[in-house]
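Peer 1: Before I ask anything, let me first share the structure, which is written out below as structure tokens.
Nothing in this text is a laboratory measurement; each read-out follows from the coordinates by a stated rule. Because the structure is a prediction, the values reported are computed rather than measured.
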Amino acid sequence: MRVCIGGTFNVLHRGHKLLIDKAIKTAGRQGYLFIGITEGEMIKTKKDMKPFEERKKDINTYILEKKAATKIEIKPIKDKYGPSVKEKFDTIVVSPETAKTAEEINKKRKQIGKKQLEIIQIPFVLADDNKPISSSRIARGEINENGEILKRD
């Protein structure tokens, strides 16, 4: 199975880990997983962005801990589609936040005669306050990577 996912992955949190875990499981031991990390114009307006190589290293470290046998390739992507429109993939794993993009990808694939991707949507991973964990909430100091509420003075 050839699977793709994409994201900014600025702070690797529980939601990202669920996305990666689901993608690895979907690809299977003999499969292939493409992980696209946003770069360039996609992140220009975002504050406090870690460099691409640091974000890639964080993902690699997590994957090594998982001991996944899946062949995994991590590359920068310059737009929200990456190689998912034109290249050979079977499945895309998304969060509720990116589900609409997956539908756009399938429309574009159909227009060029490519097979539709199976879309697997994971749920939002909620913090202790029952709101979704996000890198922006972590950056604002509301929660940590595990969704725990940070105490404010």
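Peer 1: Normalised by the residues of the chain, what does the relative contact order come to in percent, with Cα pairs under 8 Å and at least six apart?
Peer 2: About 28 percent, as a whole number.
Peer 1: Which of these values of volume of the Cα convex hull per residue in Å³ was calculated from the structure shown: (1) 146; (2) 109; (3) 201?
Peer 2: So the structure-derived entry is (2).
Peer 1: Now for a different question. Quick check: the distance between the Cα centres of the stretch 25-51 and the stretch 101-136, to the nearest angstrom?
Peer 2: 13 Å
Peer 1: Please identify, among R140, R29, R55, the residue showing maximal mean-square fluctuation in a Gaussian network model of the chain using a 10 angstrom Cα cutoff.
Peer 2: So, out of R140, R29, R55, the one fluctuating most is R140.
Peer 1: Now for a different question. Taking every DSSP beta bridge that has both residues in the stretch 2-124, what percent is antiparallel when rounded to the nearest 5?
Peer 2: Taking every DSSP beta bridge within the stretch 2-124, about 0 percent pair in antiparallel fashion.
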